[in-house]
Amino acid sequence: MIKQSLSGNWRMREVNTNEWLPAIVPGGNFTDLMAAGKIPDPFDRENEKQVQWVADRDWEYHRQFEVSDDLLNEEHIELVCHGLDTLTEVTLNGHLLGKTDNMFRTYTWEVKNALQAGQNTLSVIFRSPVAYVDKRQHERKLPTVMNGGMAHLRKVQSHFGWDWGPRLPVSGIWREIELRGHSIARLEDVHLRQLHQDGRVTLTASAQVEIWQTGHLSLHLKLTAPDGSVQEVEAPLEMSATGLQAVNVPLSLEVESPQLWWPNGLGNQPLYQVEIMLSKNGQVLEARPFQVGLRRLALRQDPDSWGKTFTFEVNGVPLFAKGADWIPADSFPARLTPERYERWIHECAAANMNMLRVWGGGYYEDEAFFDACDRYGILIWHDFMYACAAYPFDEPAFLENARLEAADAIRRLRHRACLALWCGNNEIEMMWGMFKRNKSLTAACDSFFYHQLPQWVAELDPDRPYWPSSPSSGEFLKQTNSDAYGDTHLWQVWHGLQPFTFYRKRMTRFASEFGMEAFPDMETIAGFCAPENFKLDSVTMRHHQRSVGGNDKMLYYLAERFRFPRDFSDLVYLTQVQQAEAIRIGVEHWRRNFPRCSGALYWQYNDCWPVASWASVDYNGAWKALQYAARRFYAPVALSLLDEGSQIGVYIGNDKPLPWSGILQWTLETLTGEKIDAGKLEVQAKPLQATRLQQFDFAAQLKANGKNNVVFTASLYEGDQRIAWQIATFALEKDMPLPDPSLEWTLTGEGDTLTVNLTSRRLARFVWLRFDGAPVIFRDNYFDLPAGWTAQVKCPLPAGWTVDQARQALRVRSLADVVPGGSAFTDRLQQIWIGLKPINIAMRVVMGR
């Protein structure tokens, strides 16, 4: 096979105009127009409003190229388009090759007779996605929660706007485009499977081969182990007829000394390289490479006294799934690079996560994403791309398009070690009460997600579990969001304004969505908002908030626990603190109840643009307080406190398959460090579950000392190393006389690593470290430091900096530094709050349950 890439430099223009502009493929019309200076950055200020016309127009992309003689001499030449977004007409040298209407599919056309020696011209016209969905929605109105008409078009649904993303329906060639030449025969499809039995692993390969010349062919499997050792097996193919044929030959081998792949935290991720080669007389006609991890995976749904389990099991070990929901990482997906994926997934693993859920309003993720997840042990729950709408599966053309889309995605990804689950959609069943009046759509939805789609998955990927919807009980429209069966999306906290402790009322089997908003990092905000607009209700800050009433809800929760700050940066800090606290309370509760609950994936991990959202890592890559908290509450051995009035329960969650032993030290003390009570005991944590270590009732001590002045501290030691600590208060922070902690710190450097040593004379809550002018990820941040304690925090030295520069730029603060009241900013927050309070209370009553 010979390949020729057609990516790179193209030209583009608006259809029926004469001005051609330079373009880059992969890419899209918005980014090309930005690069040409024709539109402003839609992410800056309120510029998004100024560029809406782009999606209303038709665009043409154009490239001229020459083809090598070797490629022209091949028997068959294909144009392969790995991503056309979305409504296109593709023309080569004046010949219409075809039209497309699905950005998730790979389109292939035979172009041998259309190519010519010398110069060739390829043109792709993109029709307006907005005009299309408006027209189709007028013809047939489909119910949707988000954006009318989006369900008619197989395109990223969130391109039309979401409650965290802008409305930027891009058009363009968003993935690679290439020519492929074949002669004699080619591989149409390859399916790798594993058989695990009694510690042995057998790898098998089956293939579909398209034949143009009969004769003796061979299929060859080459397996390269992580240590470089090679195993090979070859099988002859006797082809007596031409055409597309399934090859059923015993192409299998038993892996020597197999090394198993494990999710992050349970073991290593050894990866094998597999190459499948189709040959004739020693000449390789085509070779397909694959990256493979050897592992067994199952989704256990066994009846128990609470309903049914919903537990992922890897290599026979039950898993508490720890992670978050993943959305498109950029509104313009062609801007994503392997380096960006590498950073995100590395940081996901660094936060002790073992699973991400690829959300159904985005797209089937890139190979670089899956490569990184394979390397770092991040399991992937992958939705098919349907979300929050009723789709026209009762239309034969739409249904066939959906079948071909599913086949492309499954065949491309089914060999991945990280791929744990195919899920039919996002929240369609949960929201079906809004759609149920249409009997045809209801029947079609039931048929598609419970019969047709699972059948396609079973045929193409029989070794992978399938789940019909998220959330779902596993039965269509029955007990959706139930604590007894399947997974749940829990939005009473945030949308329903329930307190964070509401999570403790829900004994879900698997929490696959729950969340709390926070503002992004101040430097991220400064990138899209002028300083004079650093206000909760400024036009710019409202524009970069897409959840209805989102800023108001953040203020509501802030007022419940904290005093109003005097400036905007303190407000940003407090929203991040309360976001981390909300998710911590939920995750710790569910980990304490493993295996009754077997997973917690918070909404959401990332952003597609700079915005106030539920993300723990903002668009620029800055870690919010939640990402640091996740590193603690997702730790393999994690300490948690169940605080209820005067009572404190101390627990360890142990995700390891072996018992854990250590020391628990605890104190009851004043905010200034005066000891009221203390204790120390040796503890053991059982494997793969939570263990309650101690239960306290401090009613008498609180009465004697005042609950506003007392704090409980607990710390875990493994040998001499303190591996975890946590505090619990008995009053809200706004009611506590938090003293100046008198934080002292020193900073030293060795090589590329900085070390910050901190000491607190009095209780310091939510200690925050940052460098002015450099985005740095610390080993820990936003942590509590009880009176008299010391902590050591490491971080990388910013590129090009000296240790002295870092020392000058370091800023250390805590909750005590957030000075309440006494400013016009505070007065404005009070005014907003007073106006909102009756509405918020009413919403809480209506939504809470």
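A compact table of results
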item	result
Output for region 602-658, where each listed residue is farther than 27 Å from PHE698 by Cα and of a type in the set (D, E, K, R)	ASP607, ASP618, LYS624, ARG631, ASP655, LYS656
Residue match in region 261-269 (condition: assigned to a strand (DSSP E or B), at pLDDT 95 or above, touching a strand residue (DSSP E or B) at 6+ places or on another chain (Cβ under 8 Å) and not β-branched (Val, Ile, Thr))	no
Any chance GLY172 is in contact with a strand residue (DSSP E or B) (Cβ under 7 Å, 6 or more places away or on another chain), modelled with pLDDT of 95 or more, on the phi > 0 side of the Ramachandran plot and surrounded by 14 or more Cβ atoms within 10 Å (Cβ to Cβ)	yes
Residues of region 487-528 satisfying the condition of being open to solvent by 10 Å² or more (accessible area, probe 1.4 Å), within 23 Å of TYR573 (Cα to Cα) and in a helix (DSSP H, G or I)	PHE500, THR501, MET522, GLU523, ALA526
Failed item, numbered, when VAL710 is tested on (1) farther than 22 Å from PRO595 by Cβ; (2) at pLDDT 95 or above; (3) more than 36 Å from the chain's Cα centre (by Cα); (4) surrounded by fewer than 18 Cβ atoms within 10 Å (Cβ to Cβ)	(4)
Whichever residue in region 241-284 is open to solvent by 70 Å² or more (accessible area, probe 1.4 Å) and in contact with a Phe, Trp or Tyr (Cβ under 7 Å, 6 or more places away or on another chain) and, among such residues, is nearest to ALA420 (Cα to Cα)	ASN268
Residue within region 14-29 that is modelled with pLDDT of 95 or more, open to solvent by 40 Å² or more (accessible area, probe 1.4 Å) and of a type in the set (Val, Ile, Thr) present	yes
Matching helices (runs of 4 or more DSSP H) fully within region 316-417 where at least 3 residues are farther than 30 Å from PRO610 by Cα and touching a Phe, Trp or Tyr at 6+ places or on another chain (Cβ under 9 Å)	396-413
Answer from GLU66, GLU48 - the residue that is in contact with a Pro (Cβ under 9 Å, 6 or more places away or on another chain) and among the acidic types (Asp, Glu)	GLU48
Which numbered condition PRO737 misses (of (1) out of contact with any Lys or Arg (no Cβ under 8 Å at 6 or more places or on another chain); (2) modelled with pLDDT of 95 or more)	(2)
Some residue of region 719-735 being in contact with a strand residue (DSSP E or B) (Cβ under 7 Å, 6 or more places away or on another chain), in a loop (DSSP other than H, G, I, E, B) and under 17 Å from GLU674 (Cα atoms)	yes
Search result, residues across region 736-757 that are open to solvent by less than 20 Å² (accessible area, probe 1.4 Å) and either under 30 Å from THR802 (Cβ atoms) or part of a strand (DSSP E or B) (or both)	PRO741, LEU747, LEU754, THR755, VAL756
Close pairs from region 690-714: first farther than 22 Å from PRO737 by Cβ, partner in a helix (DSSP H, G or I), Cβ under 9 Å, at least 6 apart	ALA690/ARG591; ALA690/ARG592; ARG692/ARG592
Any strands (runs of 3 or more DSSP E) falling wholly within region 580-667 and containing at least 3 residues that are surrounded by fewer than 24 Cβ atoms within 10 Å (Cβ to Cβ), within 22 Å of the chain's Cα centre (by Cα) and of a type in the set (Lys, Arg)	none
Flag if ARG412 is in contact with a helix residue (DSSP H, G or I) (Cβ under 9 Å, 6 or more places away or on another chain), open to solvent by 50 Å² or more (accessible area, probe 1.4 Å) and not acidic (Asp, Glu)	yes
Total residues in region 576-599, condition of a type outside the set (A, V, I, L, M, F, W, C) and more than 25 Å from THR311 (Cβ to Cβ)	4
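Per-residue answers, yes or no, for (1) farther than 30 Å from GLY28 by Cβ; (2) in a strand (DSSP E or B); (3) touching a strand residue (DSSP E or B) at 6+ places or on another chain (Cβ under 6 Å):
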| position | (1), (2), (3) |
| --- | --- |
| ASP163 | no, no, no |
| ARG180 | no, yes, yes |
| ARG193 | yes, yes, yes |
| LEU223 | yes, yes, yes |
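The values are calculated or read from the model by the stated rules, or taken from the named source; none is laboratory data. Quantities reported herein were computed from a predicted structural model and do not represent experimental measurements. Note: ideal-geometry Cβ built from the backbone for every residue, glycine included; neighbour counts use all protein chains shown. Heads up: the accessible areas ignore ligands, DNA and RNA and are worked out on the full protein's heavy atoms, side chains in. Shrake-Rupley method; radii C 1.70, N 1.55, O 1.52, S 1.80 Å.
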